[in-house]
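Peer 1: Pasting a structure here, questions to come.
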Amino acid sequence: MSTITQGIVVAAYGLLAFLLAATASDALGIQALGPHGALLGLLLFIGCAVVHEGALRRRSLREFKSLLRDFKIADVRNAEGIESLRREIIALRRHQEGVEKDTLERYDGEIQVVKSLLGQLADRLTRRGPRAGGPAGKLAAATPAAAASPAVGSLDLEPAELLAAVREALEENRVDLYLQPVVTLPQRKVRYYESFSRIRHRDGGILLPNQYLALAAEHGLLTAIDNLLLFQCVQLIRRARGRNRHVGFFVNMSVRSLGDAAFIDQFLDFLERNPDLADSLYFEFAQTDLAAMEEAAAQALGRLARAGFRFSLDQVQSLDFDCAGLAERSFRFVRIEAAMLLSDVERHGADIDVADLKEALARHGIELIAEKVEQEATVVDLLDLAVDYAQGYLFGEPRRRRDEGATPALSPAGD
């Protein structure tokens, strides 16, 4: 009951008490109320107030008991217990309101970033057409492993057709996220996922990265693809945490994206506002790109590291690592093909054997992931080298993330 309502009720009680006292005094033949009449009026007022308070309490108890029954909570006869539950419900409602407000503010920030990125992408798609003198001839077809996958088809397109297909896919949101599990050895439990982009052609075929990445980079579209991939991974992380699951995602990023001034500031601002993503999101860079990284991209990489994010080295061609240098730049993973690990390491620039290389990486806090594992015999050899993580078609092929938000065979760490 509000303060104003309570004041009206008290005034009514006072008037009622006065009238009752006046009536009683007249009936008793008392000409003036006097102190006895005033006392009688006060007693009547107190009595009415007590009766009203009791009625309110009984109604309140009935309402709370009804609420408890609605929530299927056992009947609580003790008034203090009901009051305690009422306060707890109020506290939970306030907490929920606070969480909803924080969530809305966070997602509003994410939506603003996405809107800005898409706006810049639309501007690029509008202003830039195919360049004259572009690459001639057919681009590379799908790799044998990818072509064998029923989820991946291959399209043989001329460069101009391919560029048009990429632009159209970006405009119509046909850039899909594919995930491949990274498992622990020897348990083979899913610990991470590596993410890949695939472009769906309007005819239903699939364009693979080795078909369109070079062309997309040449025409300024690679950064848009990187960002779309990132935001899809962020969605997956949010959903996985909502289900009490914790898995990590590796997201490939080009140094062109890091050095793109039109994108990188908003991209970094978004990540700095969401530091909780740092323990689930790892950015991958090719070894050759890292070696040739320009100053602007290196500064962006340092800013990412200061925000708490960690990196993975990919597409390794030389095993001559500066482990301390990688660790200093916040690299925590190195991904090397299994065939390279199990071959003559001297052919790949290493002056120590793989077991010692693995130990040197571990001393600097860097995990080794053996990729492109396709046979059981390879796993046995990797275990002899004490490799902890592996990835390849033997453990699962890259599969498209379903539209409803669940990832294919998404498993929490340790499952």
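The values are calculated or read from the model by the stated rules, or taken from the named source; none is laboratory data. These figures come from a predicted structure and were not determined experimentally. Backbone-built Cβ (ideal geometry, glycine too); neighbour counts: all protein chains shown.
Peer 1: Whether any residue in the stretch 161-182 is in the same structural domain as Ala386 (by TED's automatic domain parsing), modelled with pLDDT under 50 and of a type in the set (A, V, I, L, M) is what I want to check.
Peer 2: Checking the stretch 161-182: not a single residue is in the same structural domain as Ala386 (by TED's automatic domain parsing), modelled with pLDDT under 50 and of a type in the set (A, V, I, L, M).
Peer 1: Which of the residues that make up the stretch 212-225 are assigned to a helix (DSSP H, G or I) and out of contact with any Asp or Glu (no Cβ under 9 Å at 6 or more places or on another chain)? Show your work before the answer.
Peer 2: First, the residues of the stretch 212-225 that are assigned to a helix (DSSP H, G or I): 212-218, 222-225.
Within the stretch 212-225, Tyr212, Leu213, Ala214, Leu215, Ala216, Ala217, Glu218, Ala224, Ile225 meet the criteria.
Peer 1: Among the residues of the stretch 376-388, is there at least one that is small (Gly, Ala, Ser), in the same structural domain as Ala339 (by TED's automatic domain parsing) and surrounded by 14 or more Cβ atoms within 10 Å (Cβ to Cβ)?
Peer 2: no
Peer 1: Does any residue of the stretch 208-216 turn out to be loosely packed, with under 15 Cβ neighbours inside 10 Å, within 21 Å of the chain's Cα centre (by Cα) and either modelled with pLDDT of 90 or more or more than 30 Å from Leu383 (Cβ to Cβ) (or both)?
Peer 2: Checked against the condition, which is being loosely packed, with under 15 Cβ neighbours inside 10 Å, within 21 Å of the chain's Cα centre (by Cα) and either modelled with pLDDT of 90 or more or more than 30 Å from Leu383 (Cβ to Cβ) (or both), the stretch 208-216 yields no hits at all.
Peer 1: Is there any pair with a first residue in the stretch 255-268 that is in contact (Cβ under 8 Å) with a residue 60 or more places away in the chain and a second that is not in a helix (DSSP H, G or I) whose Cβ atoms are under 8 Å apart and which are 6 or more apart or on different chains, and what are they?
Peer 2: Hits for this filter: zero, empty list.
Peer 1: Filter the stretch 269-287 down to residues that are in contact with a Phe, Trp or Tyr (Cβ under 7 Å, 6 or more places away or on another chain) and free of Cβ contacts under 8 Å to residues at least 40 places away in the same chain, then give me how many there are.
Peer 2: Number of matching residues: 4.
Peer 1: Another question, then. Say whether the condition of being crowded, with 18+ Cβ neighbours inside 10 Å, within 29 Å of the chain's Cα centre (by Cα), more than 30 Å from Arg174 (Cβ to Cβ) and at pLDDT 90 or above is met by at least one residue in the stretch 389-396.
Peer 2: Yes, that holds for at least one residue.
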